Structures are given as C-alpha cells and as structure tokens.
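Participant: Before I ask anything, here is the structure I am working with.
Derivation of every value follows stated rules applied to the coordinates shown; laboratory data play no part. What you see is a predicted model, and the numbers here were worked out from it, not measured in a lab. Every residue, glycine among them, receives a Cβ derived from its backbone with ideal geometry; neighbour counts consider all protein chains shown.
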Amino acid sequence: MTNVFIIYDLTFLILFTLFVILFLYRRRKNLQRQGLLYLYRTKIGIKFIDLFTKKYSKILKSLEYIVVFSGYILMISVVWLLAKVAWFYLTSPVVAKALKVPVLIPLIPYLPDIFKIDFLPSFNFTYWIIIIALIAIPHEFAHGIFARLHKVKIHSTGFGFLGPFLAAFVEQDDKQMSKIKKFPQLSILAAGTFANVLTTIVFGIIFWLFFISFFVPAGVNFNAYATSAVNISSIDEVNGISITDVSQIPLLLNGTYSEIIIDETLYFANSEALKTAIEKRIYGVQVFDNSPAYQSKLEGAITEINGEKITSYEKLNETIQKHSPGDKVTIKTFYQESVRENEIEERNYNITLGERDGRTFLGIGKIPPQTSGLMGLFYNLISNIKDPFIFYESKLGSFGWFIYYFLWWTVLICVSVAMVNMLPVGIFDGGRFFYLTVWGLTGSEKIGKKAFAASTWIILLMILAMMIKWALIFT
C-alpha cells in the first residue's frame, strides 16, 4: 500500500468519524445508549421488508428448510474448526508465534499492519466500511424478512455506533417470536447467516470473473530450496570439523545455517532445528542441498531466464533443460517483501546451473500449505482462482490489486461472519439456535437451557485459554 493511499484512507477515517459524531449529535433524541454502544432507531427498510415478504412468500417458505439446514452445517463446521484450532494453538510451540494476532479481537482496519502479519494483505478503512455494509445489511434484513414471514412484528431498523465502527440491526418483537413454533424460530435465527453465505457465493463469482479478466501470469513463485532427508547419525563433518559422535554436533553449530558433510556430499542444516532434533532424539531431519539456488540465495518470483519469459513451471523446466550443467544463466526475479507492499524490486542473479540425477538442476521447490477441513477447502477454492505459485500482473496496475484484495477480504470475512455467528454461544444467533434444537430433541426446556449454558462456557474457556497463551508469549 502506498503512502499516498494511506493518507487518503486515514483522512477518510477521520472525516467519517466526525460525520458520525455530528450525525449522532443532531439526532440525539433518537439515540439510546447501551453500554458503550449508541443505537439509532429508524423505520427505514420496514416497508421494503413487508413488500418483499408478501411478494416472495412462497419462495421463502420453500427456502426455510435450506436455511435451517445451512444453520446446522455452519454450526457443526465452526465448532469443529474452533476445537481443531484450539488444540493446535495450545499444544504447538510454533502456531501461536506464527499467527501473532490474538484469537479474540474485533475486526478493525489495518489489523495485519498492526500485528505485522506478512501473509495477509492490508485491510484499510475503505475496505472495512464497505464490507461491513455488505455483511450487516443483508444479514439483518434477512432476519427481518423471515420474521415477517411468520407474522412477527418489526419494531425498528437502525445502526449501532461505537465511534466510527458500525453495526446494523433489525429489531423484532422477541415476545411474539418466542411464542411461535420452534422451526420458524430456527429459520429466523439462521436467515442472517444464510444471507451471508449467499453474499459469499455472489462475491466469490465476481472475484473469479474479475481475476480471469484482468490478471495474467508473469512469473513463477517458489517457497523452498531443494532439500534432502538425512540421518543425523550419518553426519561426518560439521562446519569443516570431523566428528565421531552425535553429541559433538551441538558444540560445533554456529550461525543460522551450518555446513554438514555426509558421504562427501555438502548440505546446509538449520542450526537450531538440528540442535532441537538431537535433544529430542529425532534422527531424521530435512536439510538443504548444495544447490545453485541456495548458493546464490535466489529470492522472488522468477520472471526471465536469459531474457526468455517464464510464465509457468512447465516453461521454467523447459527453459532450464535447454541448458547443460555448468552453464551460466542470468535469472531475473521480482521481489516483494510482503503482500502489503506495492513496491516490487527487480533483481538479477548470475547462476551456474548444477546437475542432479543426470538433469540440469536449479534447486527450487514449492510446498503447498498442509491444510485440511474447511481451511483446506478455502485454500483450494482460492488456489483454483489464483495459483499461489504463479506470479501475476494486473492489467489495471495498482487499481487492479486494490479491487482484487477488496474482493478477497469480502469473501473471507463474509464466510467467517456466517460461521462465527452460528457458534452456540449466548451473544450469537447460534446460541438460541442450539438451545431451541436441544429443547426440541429432548422435549425439555430445562435441558435445552443447561446445554446452551454448557456450550457457552466451554467455548469461552477455550478462547480464554488461547488468549492466556498468547499473552504469555507476546507480553
């Protein structure tokens, strides 16, 4: 993100905050304070909700089963995902350090910049205000539409203000809602997240169409040098000194990487990882080969080899194999420190190609993230749109990337809000949804309340445990 845009964006944030303050001051008679939040109630949108419900009542009735089913799918998915994240977060020595950001934090502008999360694009205020509207308005209106479908009165619509941060609401008659049957209540509760799912799908399609229309391959990315699996007990030398016993190795390690020799072959091992492996008596480790790429510290997306354009891994392999081991080539790369940096540094490397298994050898690789479940599904969906190991150029320049990351954040936040809102916790729609479900299955409201309270406390304790671990690491 350029400094010029940051200035514009922060100016927009200040002006918007002043507008909110002035707006609330002039309409202070319509405001109601609830804690730190100010609620501004209106009747805007109620007529639209009524007209929409009357016109499409048959379609909405038939959609109820899909809406409720989606609620259960989201609830099961988010509980499973939270449990998995909590397990890895609490048991892994590296996950919390890698994520950096607390597990419980409001979605605020510039979050990746504040916590220096290099793998996330910048999240500016302009993105934030538009995405909040795209999430909140369909979500709340969907609640209102399904409430009116079951003759539940809508008292008001409006906005909640916490400084420049906004929330939308549709206020239905809770007493009326509590008197209708359980299934209609479930459909009203799940309607908001269903709207978020639809929004995700719509913007996912827009994201895909925009990307294939305005982006072209211009290079290949890599995230690893060539490696080999070796047995620590086979090491003959460490940093030029011969050894006769594994216990000697930690005493000879120095720097980030140490040279090791096995059967007269040179490798480079991460000193800290090698030391830890020996302490834990893990004798199989991954080490870097003595490859041309490693020796030259090749970095960035490979865009050219001796002036020949590289736009795919097939083209890269074809170009390398045109040369023989020992040939000198000039490799051009585009280096970008993080996805939040617009500045791209052009670099040129003069490299002598090597030989491996009878083929010309550069020594780079690509290791896909080891993801599974919903995160794996999300990664695969995004990868099908934009291959993470291809370097792309925008036909629209910086503006193209601005729109790309706006759509990226929209899809990610929409699906995240849909899932989080179905957590079986008191403050979310999923809380009452879970309570009604247990009540309906057991026939006992008392059991439903106990199950609801138990799920709330279990999830809050999981989050508290992760927050404590984060605090211990970063404070």
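Participant: Return the aspartates and glutamates within reach of LYS275: Cα separation strictly under 20 angstrom, same-chain partners fewer than 8 residues apart disregarded; answer none if there are no such residues.
Facilitator: Leaving aside aspartates and glutamates fewer than 8 places away in the same chain, those within reach of LYS275 are ASP236, GLU237, ASP245, GLU259, ASP289.
Participant: Now a separate question. Hey, which of these cross-link pairs are over 31 Å Cα-Cα: LYS280/LYS315; LYS84/LYS175; LYS55/LYS175; LYS47/LYS386?
Facilitator: LYS280/LYS315; LYS84/LYS175; LYS47/LYS386
Participant: Give the Cα extents of segment 377-429 along the principal axes, in whole Å, largest first.
Facilitator: So the extents along the principal axes, rounded to whole Å, are 47, 22, 10.
Participant: Over the residues of segment 227-290, compute the C-alpha Rg and express it relative to 2.2 N^0.38 Å.
Facilitator: Scaled against compact globular proteins, the figure is 0.94.
Participant: Using only C-alpha atoms and all pairs of different ones, pull out the Kirkwood radius for segment 153-262 in Å with one decimal.
Facilitator: 22.0 Å
Participant: Going Cα to Cα from LYS29, which lysines come in below 16 Å? Please leave out same-chain ones fewer than 8 positions away.
Facilitator: Output for LYS29: LYS43.
Participant: Per the helix-only calculation at 222 nm, which mean residue ellipticity applies to the chain, given -39500 (n - 2.57) for every DSSP H run of n ≥ 4 and division by its residues, nearest 500 deg cm²/dmol?
Facilitator: -17000 deg cm²/dmol
Participant: Relative to the compact-globule scaling 2.2 N^0.38 Å, provide the ratio for the alpha-carbon radius of gyration of segment 26-70.
Facilitator: My calculation over the Cα atoms of segment 26-70 gives 1.79.
Participant: Using 7 Å Cα-to-Cβ label points, what is the LEU381/LEU90 separation (nm, one decimal)?
Facilitator: Distance between the two pseudo-spin positions: 2.9 nm.
Participant: Could you check the spin-label model distance between SER178 and VAL101? Points 7 Å from the Cα along Cα→Cβ, value in nm.
Facilitator: 3.7 nm
Participant: Next question, about the same structure. With N denoting the number of residues in segment 280-433, provide Rg(C-alpha) divided by 2.2 N^0.38 Å, to two decimal places.
Facilitator: With N residues counted in segment 280-433, Rg over 2.2 N^0.38 Å equals 1.42.
Participant: By how many degrees, between 0 and 90 and to the nearest 10, does the Cα long axis of helix 125-149 differ from the longest principal axis of the chain?
Facilitator: Long axis of 125-149 versus the principal axis of the chain: about 40 degrees.
Participant: Neighbour counts of other C-beta atoms within 10 Å: give me ARG356, ARG340 arranged from fewest to most.
Facilitator: Going from least to most buried by this count: ARG356, ARG340.
Participant: Place a +1 charge on the Cβ of each Lys and Arg in segment 224-375 and a -1 charge on the Cβ of each Asp and Glu, then give the dipole magnitude about the Cα centre in debye, rounded to the nearest 20.
Facilitator: Roughly 320 debye for segment 224-375.
Participant: For helix 373-385, what angle does its Cα long axis make with the longest principal axis of the chain, in degrees from 0 to 90 and rounded to 10?
Facilitator: Helix 373-385 and the main axis of the chain meet at about 70 degrees.
Participant: To continue, here is another question. Which FRET efficiency, nearest 0.05, do LEU15 and THR330 yield, Cβ-Cβ r, R0 56 Å?
Facilitator: Computed FRET efficiency for LEU15 and THR330 comes out at 0.65.
Participant: With r defined as the distance between the Cβ atoms of TRP208 and ILE447 and R0 fixed at 45 Å, what FRET efficiency is calculated, to the nearest 0.05?
Facilitator: Plugging the Cβ-Cβ distance into 1/(1 + (r/R0)^6) gives 0.50.
Participant: Report, in degrees rounded to the nearest 10, the 0 to 90 angle that the Cα long axis of helix 3-26 makes with the longest principal axis of the chain.
Facilitator: Taking the Cα atoms of the chain, the angle to 3-26 is about 20 degrees.
Participant: Hey, another quick one. Using just the alpha carbons, could you tell me how many Å³ per residue the convex hull of the chain encloses?
Facilitator: About 196 Å³ per residue, rounded to a whole number.
Participant: Only four residue types carry charge here, +1 at the Cβ of Lys and Arg and -1 at the Cβ of Asp and Glu. Report the dipole size of the chain about the Cα centre in Debye, rounded to the nearest 20.
Facilitator: Using only the charged Cβ atoms, the result is roughly 3740 debye.
Participant: Can you give the Kirkwood hydrodynamic radius for segment 295-365, in Å, rounded to one decimal and based on Cα pairs?
Facilitator: Result for segment 295-365 stands at 12.8 Å.
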